[in-house]
Amino acid sequence: MATVIDPGEAQRARWAADPAGFVENDLGARLWEAQVEILEAVRDHVRVAVRSCNGSGKTYVAAHIVLWWLMAFPESMVITTAPTERQVREVLWREIRRAYRGNEELIDGKLTRTALELGDKHYAHGISNNEA
C-alpha cells in the first residue's frame with residue numbers, strides 16, 4: 001500500500017491558483033494551449049462552456065479538471081454528467097481513471113467506475129439520465 005501524501009494548505013492554495021501547473025507538474029499530463037485556457041476559465045468563472053470539434057481534448061481536460069478541483073479544494077463535491085450513462089462511464093470516467101492511475105499516492109481515495117471517494121464530504125460522482 002502506497003504512502004499517501006497530505007499536500008497541506010499552502011500546496012492546495014498553489015494548486016487552486018495554477019490549475020495547469022497542477023495538471024502538468026503534479027499529474028504529469030500534457031496540455032495544449034486551449035486546454036490551459038479551459039482550466040484557467042474554470043478557475044476564474046462560475047460557468048464555463050467549451051465549444052469545439054470532436055477529438056480536440058475536451059474530455060481529457062475535463063477529467064483533469066475533476067482531479068484538480070478535488071485536490072485544490074478539500075471537502076468539495078464534483079458532479080459530472082453527460083447525455084448518456086455510457087458516455088459518463090466509458091468516455092469521461094474512463095479518462096478520469098486513466099489520469100488517476102499513477103497518481104494514487106497523491107490523490108488517494110477509492111476509485112470506482114463512476115466515482116472517486118476521498119471522504120464523506122469530498123468526492124466526485126458521474127451521473128446521467130438516459131431518458132429524453
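Step through the residues of the range 16-32 one at a time and calculate ³J(HN,Hα) from phi using the Karplus curve (6.51 cos²θ - 1.76 cosθ + 1.60, θ = phi - 60°), rounding each to whole Hz and writing x for Gly and Pro.
4, 6, 9, x, 5, x, 4, 4, 7, 7, 8, 8, x, 8, 10, 10, 9
The range 32-132: which GluC sites (Glu not before Pro) are DSSP loop and have at most 15 other beta-carbon atoms within 10 angstrom?
Here the sparse-neighbourhood loop sites are 75, 131.
So what's the back-of-envelope 222 nm ellipticity for the chain, counting only DSSP H runs of four-plus at -39500 (n - 2.57) apiece and dividing by all residues, rounded to 500?
-11000 deg cm²/dmol
Only sites in a loop by DSSP and with at most 16 other Cβ atoms within 10 Å count here; which trypsin sites (Lys or Arg not before Pro) in the range 1-75 make the cut?
Filter output for the range 1-75: 30, 47, 51.
Can you list residues whose amide H is under 5 Å from residue 29's amide H, if they're 5+ apart or on another chain and H is modeled 1.01 Å from N?
When sequence neighbours closer than 5 places are left aside, the close amide H contacts are 24.
Note down the relative contact order for the chain as a percent, whole number, built from C-alpha pairs under 8 angstrom at least six residues apart.
So the answer I get is 27 percent.
How much of the DSSP beta bridge set in the chain is antiparallel, as a percent to the nearest 5?
If I count the DSSP bridges inside the chain, around 55 percent turn out antiparallel.
Long-range amide H contacts for residue 80: which residues qualify at under 5 Å (H placed 1.01 Å from N, peptide plane, sequence gap of 5 or more or a different chain)?
Excluding prolines and chain starts, which carry no amide H, the hits are 125, 126, 127.
Laboratory data are not the source of any read-out in this text; all were calculated from the coordinates shown. Keep in mind it's a predicted model, so treat the numbers as computed, not measured. Quick reminder, even Gly has a Cβ in these numbers, built from the backbone with ideal geometry, and neighbours come from all protein chains shown.
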